[in-house]
Amino acid sequence: MLNIGCHLSVAKGFTAMGRDGLAIGASTCQFFTRNPRGGRAKEIDQADLARFLELAAEHRLGPLLAHAPYTLNPCSADPKTRNFALETMRDDLARMKMLPGNLYNFHPGSHVGQGTEIGVALIADQLNTVLTPHQTTTVLLETMAGKGSEIGGSFRELRQIIDGVILQEKMGVCLDTCHVHDAGYDIVHDLDGVLAEFDAVIGLERLRAIHLNDSLNPCGSRKDRHARIGEGHLGLAAIVRVINHPLLRHLPFLLETPNELPGYASEITLLREAFGDA
Ligand code: FE
Ligand code: FE
Ligand code: ZN
């Protein structure tokens, strides 16, 4: 069965989020650990969390993908900004202990002119400070579109970050279809080639989740503007090939398309119907 879901709001609690997901036919979901612009995380309501964990187990909802605020920049030139990223990630990972065995995804960051090498080293340093041997959360680096001085627009950069991490068994990658396409990986015409490159550079065993998005811009545009499924430069046929690909079809697929719940519900239905039984 296709494991598909979407980004959901956790503002009304985990149980409400779980019910939203189940109501639209999702079997996995993503949420922000806190306000996506950063700031303090809300206290977790333990009764709500317990109800949610029961609901998720009963309906096999998962894995859960927690997304770090996208303003975190572990490779900023400003030590204060770096420290904020560090403390936020440490706190997020501590909270993830309440959702054992799930995934935590973050954008590697922007080196803001310091160069890729320094950027990569700062990101690895942060991971070496926050990762612990006993954590059950796998931390995912997201493939980025490569806009501005963003790190992670190439598979090689993600590989370099992982190479600098001591607890590599805690690390994985989340491939965003809009981002890799915008970064110049032609998953429309050469999905096999892109996956072969991913495997050669990073290793497909590191790939733990897919962000399934269409793109408003052409391949190589380095833009990062998501489109609804079938309404962008990837197109429905290419996206259907992604979910059915023998090397990908077992992964959790998370939609981050510009939609409210009803729009997500129809994309989930559409993609479930397009998923072949292998
Ligand atoms: Fe993201
Ligand atoms: Fe994404
Ligand atoms: Zn994006």
Checklist entry - With each pseudo-label sitting 7 Å past Cα toward Cβ, what's the Arg37-Thr136 distance in nm, one decimal? => result 3.5 nm
Checklist entry - Given R₀ = 25 Å, FRET efficiency for Gln46-Glu169 by Cβ-Cβ distance, to 0.05? => result 0.25
Next on the checklist: Mean Kyte-Doolittle hydropathy of 0.5 or higher plus an axial Cα length of 20 Å or more: which whole DSSP H helices in the chain meet both?
Outcome noted: 116-130
Item to check | Fully extended contour minus Cα-Cα distance, from Asp125 to Ser149, at 0.36 nm per residue | outcome: 6.8 nm
Checklist entry - R0 = 25 Å: FRET efficiency of Asn83 with Ala11, Cβ-based, nearest 0.05? => result 0.40
Next on the checklist: If you count only protein heavy atoms with a 1.4 Å probe, what accessible area per residue comes out for the chain, rounded to a whole Å²?
Outcome noted: 44 Å²
Checklist entry - Hey, which of these cross-link pairs are over 22 Å Cα-Cα: Lys12/Lys97; Lys97/Lys170; Lys42/Lys97? => result none
Checklist entry - So, with a 1.4 angstrom probe, what is the percent of accessible area on the chain that is carbon and sulfur? => result 53 percent
Next on the checklist: Sort 123-136, 208-221 by the packing proxy (mean of other Cβ within 10 Å over each peptide's residues), most packed first.
Outcome noted: 208-221, 123-136
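The values are calculated or read from the model by the stated rules, or taken from the named source; none is laboratory data. Remember, it's a predicted structure, so these values are computed and weren't measured experimentally. All Cβ positions, glycine included, derive from the backbone under ideal geometry; neighbour counts span all protein chains shown. With ligands, DNA and RNA removed, areas are computed over all heavy atoms of the protein, side chains included. Shrake-Rupley method; radii C 1.70, N 1.55, O 1.52, S 1.80 Å.
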